[in-house]
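This report refers to the structure that appears directly beneath it.
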Ligand SMILES: [Mg+2]
């Protein structure tokens with residue numbers, strides 16, 4: 001079930017190439033007193049070339065232009081300031097931008113933006129396109145302190161929208177920063193086709209924004225083959241899959257923390273079937289890709305196991321399981337979990353979900369465990 005669509009800005013909603021063309025031609029005219037000795041075509045051509053489609057920051061671009069084109073009487077700082085203040089007045093949207101956002105809103109889809117760039121500058125451009133009111137969340141890398149393709153910025157956006165990765169779609173133009181990164185966290189992807197790249201692997205490829213509502217409609221109808229289901233410990237086949245999954249998964253943890261006597265690795269199938277824990281599995285089709293188990297005691301939930309098959313790492317499965325459990329039990333006061341002190345990926349997962357480190361302890365000689373807790377709001 002698709003609940004949210006998150007967009008990149010430059011090259012996806014904002015036609016940056018056209019915007020830059022308009023802006024730089026006008027900057028030349030406004031600054032003609034100092035730039036008049038340079039042919040306009042040369043000034044605009046070099047700016048666009050040095051800008052590398054926005055991936056080189058403008059302080060570098062203007063410093064280079066000053067040196068190269070023998071610009072006197074005006075500093076790169078002044079030109080940069082002009083860019084920062086004026087660019088928003090030249091923003092060109094891609095066709096059908098507003099009607100596409102309206103159509104998604106009509107379907108009650110939550111909308112967001114994740115863009116790399118300077119905070120106020122990017123926000124000004126969003127406001128200039130008159131689209132800020134459509135978005136429930138806008139994440140700009142400077143203000144977030146992290147940028148795409150870092151998966152955390154995607155995790156944060158999903159968290160703010162309160163949706164799982166597999167309930168959301170990411171639309172972007174950059175093969176690495178947008179498409180690969182969003183796929184890794186488990187989102188569906190739409191690549192806004194761009195002549196600068198080819199061979200991009202996305203779930204959908206579009207040439208025009210108006211295609212998006214149709215795709216979302218299709219996805220909503222399809223449902224999703226990936227889902228979280230309660231685990232039936234009486235079903236032999238299912239338990240076998242869980243048993244195998246936890247062996248491969250805990251073996252990785254054992255290597256990570258250099259301790260091989262962790263209890264689930266010594267557990268038999270029979271012991272697993274008799275467990276008093278509640279289990280949920282994350283399935284991709286019929287395949288068990290991850291699982292979580294917990295016990296509840298007097299409004300305290302303790303996560304006992306969290307396992308993901310290595311071939312499904314970095315798809316946001318552990319995150320999805322954790323979010324699911326928390327949503328299932330909104331009434332509980334305390335969530336507890338322990339993990340090996342050296343299991344950094346697991347520790348990071350809990351920390352970014354609001355868990356706090358309570359205590360490190362050596363449970364048996366050679367095994368250091370970090371205990372985390374999260375208190376309900
Ligand atoms: Mg882009």
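Every read-out reported here was derived from the displayed coordinates using simple, explicitly stated rules and does not represent laboratory data. This one's a predicted model, so the numbers in the text were calculated from it and none came from an experiment. All Cβ positions, glycine included, derive from the backbone under ideal geometry; neighbour counts span all protein chains shown.
Going by how many other beta carbons lie within 10 Å of each one, how would you line up 151, 329, fewest first?
Details: 151 19, 329 15.
Going from sparsest to densest Cβ surroundings: 329, 151.
Relative to the longest principal Cα axis of the chain, at what angle does helix 76-86 sit, 0 to 90 degrees, rounded to 10?
Helix 76-86 sits roughly 70 degrees off the main axis of the chain.
Relative contact order for region 227-375 using alpha-carbon pairs under 8 Å, separation at least 6, rounded to a whole percent? Spell out each step's value before the answer.
Values: 235 pairs, mean separation 29.7, N = 149.
The value is 20 percent.
To test your reading of the geometry: what angle, between 0 and 90 degrees and rounded to tens, separates the Cα axis of helix 40-51 from the longest principal axis of the chain?
That works out to roughly 10 degrees.
Taking a ≥ b ≥ c as the square roots of the Cα gyration tensor eigenvalues, with a/c under 1.5 meaning rounded and otherwise prolate when a/b beats b/c, else oblate, which class fits region 16-90?
Numbers: a/c = 1.36, a/b = 1.26, b/c = 1.08.
In terms of gyration-tensor shape, rounded.
Given the Cα-Cα distance of residue 234 and residue 297 and 0.36 nm per residue of separation, how much length would full extension add, in nm? It would help to have the intermediate numbers written out before the result.
Details: separation 63, 0.36 × 63 = 22.68 nm, distance 2.31 nm.
So the extension gain works out to 20.4 nm.
Bin width 5 Å, origin at 0, all Cα-Cα pairs of region 49-141: what percent of pairs per bin?
3, 11, 18, 20, 16, 12, 8, 6, 4, 2, 1, 0
Quick one: order 220, 147, 315 by neighbouring beta-carbon count within 10 Å, fewest to most. Can you show the working numbers first?
Details: 220 14, 147 18, 315 24.
Listing 220, 147, 315 from fewest to most nearby Cβ atoms yields 220, 147, 315.
Suppose a student asked you for the relative contact order of region 85-166, using Cα pairs under 8 Å spaced at least 6 residues apart; what percent would you report?
Details: 84 pairs, mean separation 24.5, N = 82.
30 percent.
Send over the Kirkwood Rh of the chain, from the inverse of the averaged 1/r over different Cα pairs, rounded to one decimal Å.
Working: mean 1/r = 0.0426 Å⁻¹.
Over the chain, the inverse of the mean reciprocal pair distance is 23.5 Å.
Between 0 and 90 degrees, rounded to the nearest ten: what's the tilt of helix 119-128 against the longest Cα principal axis of the chain?
So the inclination is approximately 70 degrees.
Quote the FRET efficiency, to the nearest 0.05, computed for residue 22 versus residue 127 with a Förster distance R0 of 22 Å and r equal to the Cβ-Cβ distance. Walk me through the numbers before you get to the answer.
Details: r = 17 Å, r/R0 = 0.80.
Working from the Cβ atoms, E equals 0.80.
For a test of the definition: using alpha carbon positions, the gyration tensor, and the 1.5 limit on a/c, classify region 227-375 as rounded, prolate or oblate. List each step's numbers first, then the result.
On the way: a/c = 1.41, a/b = 1.13, b/c = 1.25.
It comes out rounded by the Cα gyration axes.
Under a crude label model (7 Å from the Cα following the beta-carbon direction), how far is residue 363 from residue 327 in nanometres?
2.9
Take the alpha carbon gyration tensor of region 97-226, find the square roots of its eigenvalues, order them as a ≥ b ≥ c, and report rounded if a/c is under 1.5; if not, report prolate when a/b exceeds b/c, else oblate. Kindly include the intermediate steps, with their values, before the conclusion.
On the way: a/c = 1.27, a/b = 1.16, b/c = 1.09.
Cα axes put region 97-226 in the rounded bin.
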